[in-house]
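Everything below concerns the one structure shown next.
Any read-out appearing in this document is the output of simple, stated calculations on the displayed coordinates, not a laboratory observation. In this text the structure is predicted, and so the values were computed from the model without any measurement. For neighbour counting, all protein chains shown are included, and Cβ atoms are generated from backbone atoms with ideal geometry for every residue, glycine included.
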Amino acid sequence: MVGARAGGPRSRALRRAAGGSYTGPVRVTAIDRETSPEPAPAEVVLAGPRGFCAGVERAIEIVERALEVVGVPIYVRREIVHNRHVVEALRQKGAVFVDELDEVPEGATVIFSAHGVSPAVRESAIVRRLRVIDATCPLVTKVHTEAIRYAKEGRTIVLVGHADHDEVIGTLGEAPERIAVIDSVEEAERLEVDDPTKVAYLTQTTLSVDDTRAVIDVLRRRFPQIVGPSRDDICYATQNRQAAVKQLANEVELVLVLGAANSSNANRLREVAEALGTRAHLINDVRDIQPEWLAGVTRIGVTAGASTPEFLVREVVQWLEARGMPAVRELRVVEEDVRFGLPQELLEIARRQQAASAARP
Ligand code: SF4
């Protein structure tokens, strides 16, 4: 488990959007607690950590702060994070979500999403004279930097990830002629490169830790001189949420994962639970629960992807409580204390606005 720390403020508005942590009654138990000989009570077990990661909190705060200091409309390229509840809440506050920059009026302010963008998108913003505020997660930026370095070294870069995900599209754009995207052991076995002695690998930040290890093992066997990042690119939040859902899946009969269908890390949480033989469903919100899933279930686990607000977890807990699962326990496998600072360009806009207000009579 990983838990780096960086400084940065959090707004009250952000905490409202995030919903904070679950605030209802919980019993926190150690993960290695002894199994009780008593029959298991009907209970809801919450995975900890779950929900918002530092990159998502930062991205939401960037949009909220930009709305405050720049005013409406603020344009956001693509979903700021993959969750429709988050996107809709920001839309209500004045954010305008677009697919591509040609939908943004020249000279307007645009925010790049947490998933990052390719250099071609940055170029396009310059050509259109857009003011850019970059909400790319610093852990995604780290992968871009690695891609640039390996490309300069003349290596073929094997990017392990999903070719249609915004993050992978952005990373690929750093050196498209040098990067091969693969997402399975089979593709790793089939991969052909120009020079097997000059290969590097990178990974998407939100993959399955176990599946990715298997792919990298194949790459290391086939290309013994392959190089990779000093630390895994799979981010701390992905690793911690997968560790928590593993423990959860060992204790419950059914796991509900709150998250969007296009959220990579949320999908991986469902897969990790299923790989341990526990039934799991990915749901957008409480309305997706099918009551028949609960038939005969005495312990149900709930977790949430890194872009899922906590209020959606609370809604599910309340729904389950109303159906006779009143006991809520939190299974916390690791504490997180990661924060990322806001981008300089946003801080500079805020500083200039403050200076202008102070100069007004
Ligand atoms: Fe950053 Fe990881 Fe969160 Fe993605 S899931 S925004 S890489 S911290």
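When shorter helices are ignored and each DSSP H run of at least 4 residues is given -39500 (n - 2.57), the per-residue value for the chain at 222 nm works out to -11500 deg cm²/dmol. How high is the FRET efficiency from ALA322 to ARG351, r the C-beta distance, R0 51 Å, rounded to 0.05? Taking R0 as 51 Å, the efficiency between ALA322 and ARG351 is 0.55.
A simple count of charges around ARG190, restricted to other residues whose Cβ falls under 15 Å of its Cβ and scoring Lys, Arg +1 and Asp, Glu -1, yields -3. Given Cβ point charges of +1 (Lys, Arg) and -1 (Asp, Glu) and nothing else, what value in debye, to the nearest 20, does the dipole of the chain about its Cα centre take? Using Cβ point charges on Lys, Arg, Asp and Glu, the chain gives about 1260 debye. A cut-off under 11 angstrom between Cβ atoms defines the neighbours of GLY107, and their net charge, with Lys, Arg +1 and Asp, Glu -1, is +2.
The trypsin sites (Lys or Arg not before Pro) of segment 33-134 that DSSP puts in a loop, and whose beta carbon has at most 10 other beta carbons within 10 Å, are ARG33, ARG129. Can you give the FRET efficiency to the nearest 0.05 for ARG84 and VAL227, using r as the Cβ-Cβ distance and R₀ = 30 Å? So the FRET efficiency works out to roughly 0.15.
Over all projection directions, the Cα-based convex hull of the chain averages an area of 20.9 nm².
For segment 283-328, the fraction of alpha-carbon pairs lying more than 11 Å apart is 69 percent, rounded to a whole number. Other residues whose C-beta falls under 11 angstrom from the C-beta of VAL313 contribute a net charge of -2, scoring Lys and Arg +1 and Asp and Glu -1.
Starting from the Cα coordinates of segment 139-222, work out the convex hull volume and express it per residue in Å³.
83
Cα to Cα, under 21 Å, and not fewer than 8 places away if on the same chain: which lysines meet these conditions relative to LYS152? Those lysines meeting the cut-off are LYS142, LYS198.
Using 1/(1 + (r/R0)^6) with R0 = 22 angstrom and r between the beta carbons of GLN92 and ASN262, what's the FRET efficiency to the nearest 0.05?
On the way: r = 21 Å, r/R0 = 0.95.
Once the sixth-power term is evaluated, E becomes 0.60.
Within segment 280-338, which trypsin sites (Lys or Arg not before Pro) sit in a loop by DSSP and count at most 14 neighbouring Cβ atoms inside 10 Å? Loop-located and lightly packed - ARG323. Taking GluC sites (Glu not before Pro) in DSSP loop states with no more than 14 other Cβ atoms inside 10 Å as exposed sites, the chain has its longest site-free stretch at 193-334.
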